[in-house]
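Below is one structure, written out as structure tokens; the observations come after it.
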Amino acid sequence: MRRKHQVGGSSPFLGSDTYKGSGMLEMTFLDAAHYIAEKGLVCASSGNMSHCRYESHGSKIWVTATGAWFSHLCVDDIVECSFPDGEVLRAHSDNKPSSELKMHLEILRIRNKMNTVLHFQSPYATTLAASFTGSWLGRLSVIPEIPYYVGSIGCVDYSTPGSDELAESVAEAAAAYDVVFMKNHGQIVVGTSFMDVIQKASFVELASMILVHGQGIQTLTDQNVADLVKYRNKK
Ligand SMILES: [Zn+2]
């Protein structure tokens, strides 16, 4: 059963006007987390998410607490930290920020036009990440949404979750890609809003499902992809 959470009020991570998406729809941190869980983009306590607000004095990042379940996320499960150093500014009880906070910080330090990072572990995309031969990487463009909304996708080798090594390798890859697969682990996506990261993660999962299940799958042609990339770059 979902834990009761307060909606509205002055909390920076609950106000509906705080996290405006680029489109018509808006989502708060909690709305986004519950939707992500309902859509199966994370499993039990897997995954973590952060949202950064850049200020000339005192940028802040809000991140899921270690061990938090997206399906039951409540305001107490979000830890407020300084950005970019990640010092805890506010936490409920003895909650600690996700052990993968460093990965989020490193990514947003580099991708400072983005503000939201989601580490997800959806079934089909993670299947591909575990069968990491690299051969599927160039085949994810099976639907137009991949080149248009997601672009090219990066991959990194396995490192221990929460380690500096993982944070650094993922951030290096995320400098060039909005979505990075982590071998035998899951995926990370960076975007400009909660809606943006959810959309990219959902399209990656759909394309992965098509590749895993499909027989005789045809990818878009190089020309199809080039045409879509042209539109993507005009966005
Ligand atoms: Zn992880």
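No value in this document is a laboratory result; all are computed from the given coordinates. Remember, it's a predicted structure, so these values are computed and weren't measured experimentally. Glycine gets a Cβ as well: all are built from the backbone with ideal geometry, and neighbour counts include every protein chain shown.
Overview of values
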read-out: Selection within the range 64-91 - within 17 Å of P161 (Cβ to Cβ) and of a type in the set (S, T, N, Q); value: T64, T66
read-out: Residue in the range 112-131 that is within 27 Å of K234 (Cα to Cα), away from the ligand (no atom under 13 Å from the Cβ) and free of Cβ contacts under 8 Å to residues at least 60 places away in the same chain present; value: yes
read-out: Selection from the range 48-87 of residues that are within 17 Å of N115 (Cβ to Cβ), touching a Ser or Thr at 6+ places or on another chain (Cβ under 9 Å) and either within 16 Å of the ligand (Cβ to nearest atom) or not in a strand (DSSP E or B) (or both); value: N48, M49, S50, G58, S59, V63, T64, F83, P84
read-out: Sole exception among (1) assigned to a helix (DSSP H, G or I); (2) under 15 Å from the mean Cα position of the chain (by Cα); (3) away from the ligand (no atom under 16 Å from the Cβ) for M103, by number; value: (3)
read-out: Single residue of V204, V189 found to be touching a residue at least 40 places away in the same chain (Cβ under 8 Å), away from the ligand (no atom under 15 Å from the Cβ), among the hydrophobic types (A, V, I, L, M, F, W, C) and crowded, with 24+ Cβ neighbours inside 10 Å; value: V204
read-out: Criterion: more than 16 Å from the ligand (Cβ to nearest atom), surrounded by fewer than 16 Cβ atoms within 10 Å (Cβ to Cβ) and over 25 Å from M27 (Cβ atoms) - qualifying residue of D164, D227; value: D227
